[in-house]
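One structure is given here, and the rest of the page talks about it.
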Amino acid sequence: MAELLKVAMPKGRIYKKASKLFREAGLPTPDDFDDSRKLIIPVPEAGMEFIMAKPVDVPTYVEYGAADIGIVGKDVLMEENRDVYELLDLGIARCRMSIIGAKDWQPVMNPKVATKYPNVASQYFREMGQQVQVIKLNGSIELAPLIGLADRIVDMVETGQTIRENGLLELEEMFPITSRLIANRVSYRLKNDAIQRLCDQLQPVISQGG
Ligand code: PRP
């Protein structure tokens with residue numbers, strides 16, 4: 001019998017795109033949990049069990065082996081810097097991490113930068129040789145430059161709607177972002193057949209551009 005793969009799935013918007021990709025790859029997965037609070041979802045037809053995790057926690061479940069594999073945005077992967085294998089760029093949830101400011105922003109000495117990604121932002125500005133003060137927030141980051149908490153923000157831009165509706169300006173694109181398939185290092189060896197089979201099934205349905 002094929003080995004059961006424990007898959008850490010990010011709850012929310014990436015999940016919908018990931019489950020659609022799995023179905024396109026011929027893996028029958030449940031598509032909607034809007035009305036469910038269930039956190040462990042058996043998917044026996046696909047030889048998997050989904051662990052419905054908060055996106056930021058997916059690399060943690062995978063690093064510790066509580067999940068064999070996981071799906072996570074590259075943004076979270078860069079920020080969390082966990083010891084996991086990155087197996088595939090799934091090409092879904094495509095967006096970008098950008099530096100954003102108010103329309104009337106001015107260059108200032110040692111600007112305050114608000115973000116959900118303090119590690120990524122600190123490293124980026126350090127490598128650019130720019131001194132900044134990073135302020136960690138957990139959401140609604142676009143508020144920060146509007147109410148004087150920060151001079152700039154580092155945040156995700158997908159459609160651009162949030163920055164447009166709040167009168168902000170995308171000053172610089174830092175990184176393109178997509179979701180990735182990651183694996184626990186031990187699981188990758190012990191369950192290699194099952195993981196490899198999953199990669200082989202996913203590969204042909206991964207879109208490179210859109
Ligand atoms: C994300 C991100 C931006 C927005 C970008 O926030 O932090 O705010 O989406 O998307 P857009 O370019 O299509 O408008 P999210 O909705 O995850 O909520 P948050 O503000 O609580 O982080």
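The values are calculated or read from the model by the stated rules, or taken from the named source; none is laboratory data. Given the structure is predicted, the values throughout are model-derived calculations rather than measurements. Neighbour counts are summed over all protein chains in view; Cβ atoms, including those assigned to glycine, are modelled from backbone coordinates with ideal geometry. Accessible surface areas use protein heavy atoms only, side chains included; no ligands, DNA or RNA. Shrake-Rupley method; radii C 1.70, N 1.55, O 1.52, S 1.80 Å.
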Check your understanding: So, of the residues in region 103-119 that are within 13 Å of the ligand (Cβ to nearest atom) and farther than 15 Å from Leu168 by Cβ, which turns out to be surrounded by the most Cβ atoms within 10 Å (Cβ to Cβ)?
Key -> Tyr117
Review point. If we scan region 39-52, do we find a residue that is in a helix (DSSP H, G or I) and open to solvent by less than 90 Å² (accessible area, probe 1.4 Å)?
Key: yes
**Study point:** Complete set of residues in region 176-197 that are away from the ligand (no atom under 14 Å from the Cβ) and in a strand (DSSP E or B)
**Key:** Arg180, Leu181, Ile182, Ala183
Check your understanding: Would you say Val7 is of a type in the set (Val, Ile, Thr) and either in a loop (DSSP other than H, G, I, E, B) or open to solvent by less than 20 Å² (accessible area, probe 1.4 Å) (or both)?
Key -> yes
Check your understanding: Among (1) open to solvent by 60 Å² or more (accessible area, probe 1.4 Å); (2) modelled with pLDDT of 95 or more, which single condition is Pro145 missing?
Key -> (1)
**Study point:** Options Asp75, Asp89, Asp68: the member that is at pLDDT 95 or above and over 23 Å from Gln201 (Cβ atoms)
**Key:** Asp75
Revision key, fill the gap. Counted residues in region 151-168 being part of a loop (DSSP other than H, G, I, E, B), surrounded by 13 or more Cβ atoms within 10 Å (Cβ to Cβ) and more than 8 Å from the ligand (Cβ to nearest atom) come to 2
Practice item. Inspect region 123-136 for any residue being surrounded by fewer than 18 Cβ atoms within 10 Å (Cβ to Cβ), more than 14 Å from the ligand (Cβ to nearest atom) and on the phi > 0 side of the Ramachandran plot and give the result as yes or no. Key: yes
**Study point:** Selected residue (only one of Ile195, Ile177 is touching a residue at least 24 places away in the same chain (Cβ under 8 Å), surrounded by 18 or more Cβ atoms within 10 Å (Cβ to Cβ) and closer than 21 Å to Lys116 by Cα)
**Key:** Ile177
Check your understanding: Do we have Gly148 as assigned to a loop (DSSP other than H, G, I, E, B), under 29 Å from Val7 (Cα atoms) and either away from the ligand (no atom under 16 Å from the Cβ) or in contact (Cβ under 8 Å) with a residue 12 or more places away in the chain (or both) here?
Key -> no
